[in-house]
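Participant: I'd like to ask some things about the structure below.
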Amino acid sequence: MFLISALDGNPDYGIGDYIDMLKSSSSSRLTLSNFIRDRIRDGSLEIVPAKKKSRKTLVPSRKVQIELDKYLALRIGAAVISYQQIELRDATRKLQGPRPNGATVAPSTRTGPHGQAGDGRIERGAALPPRRSG
């Protein structure tokens, strides 16, 4: 369904082309062809004009396209959040590492008023240079 949606009614492709693009070790060409035929019958896929009369170019129905778009939005959103968490974790590790002046950032096990963990405060006396009297 995503493949057909991505091709967006391109008249250069037909049912045979869709099946050729799929890689499945568990479904035969006949099984895939029957699946597509059943989706045309139930209205999930619609036939649009193709370059050749013998070719059937398909597009998802409006309802199916909306569901595919929702699913992709969720997956893309989850991927972006996951990527942001990885970047944040890496940045936090850098902050907790040694500083150029030798100070370190103390990881905190306390939770703040909104449940967030770690406040990233500099440890008291952590590698601070000695005071000069004067």
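Participant: Can you tell me which of (1) assigned to a helix (DSSP H, G or I); (2) at pLDDT 90 or above is the one Leu58 doesn't meet?
Facilitator: In the conditions (1) assigned to a helix (DSSP H, G or I); (2) at pLDDT 90 or above, Leu58 misses (1) alone.
Participant: While we're on this one: Going residue by residue through segment 19-27, is there one that turns out to be of a type in the set (Lys, Arg) and in contact (Cβ under 8 Å) with a residue 12 or more places away in the chain?
Facilitator: No, segment 19-27 contains no residue that is of a type in the set (Lys, Arg) and in contact (Cβ under 8 Å) with a residue 12 or more places away in the chain.
Participant: Quick check, is Ile40 without any contact (Cβ under 8 Å) to a residue 40 or more places away in the chain, within 13 Å of Met1 (Cβ to Cβ), part of a helix (DSSP H, G or I) and of a type in the set (A, V, I, L, M, F, W, C)?
Facilitator: In short, yes.
Participant: Then there is this: So, in segment 1-52, how many residues would count as being surrounded by 14 or more Cβ atoms within 10 Å (Cβ to Cβ) and basic (Lys, Arg)?
Facilitator: Summing the residues that are surrounded by 14 or more Cβ atoms within 10 Å (Cβ to Cβ) and basic (Lys, Arg) in segment 1-52 gives 1.
Participant: Quick one: is Asp42 touching a strand residue (DSSP E or B) at 6+ places or on another chain (Cβ under 9 Å) and at negative phi?
Facilitator: no
The values are calculated or read from the model by the stated rules, or taken from the named source; none is laboratory data. Keep in mind that what you see is a predicted model, and the values were worked out from it rather than measured. With ideal geometry, Cβ positions are generated from the backbone for all residues, glycine too; neighbour counts draw on all protein chains shown.
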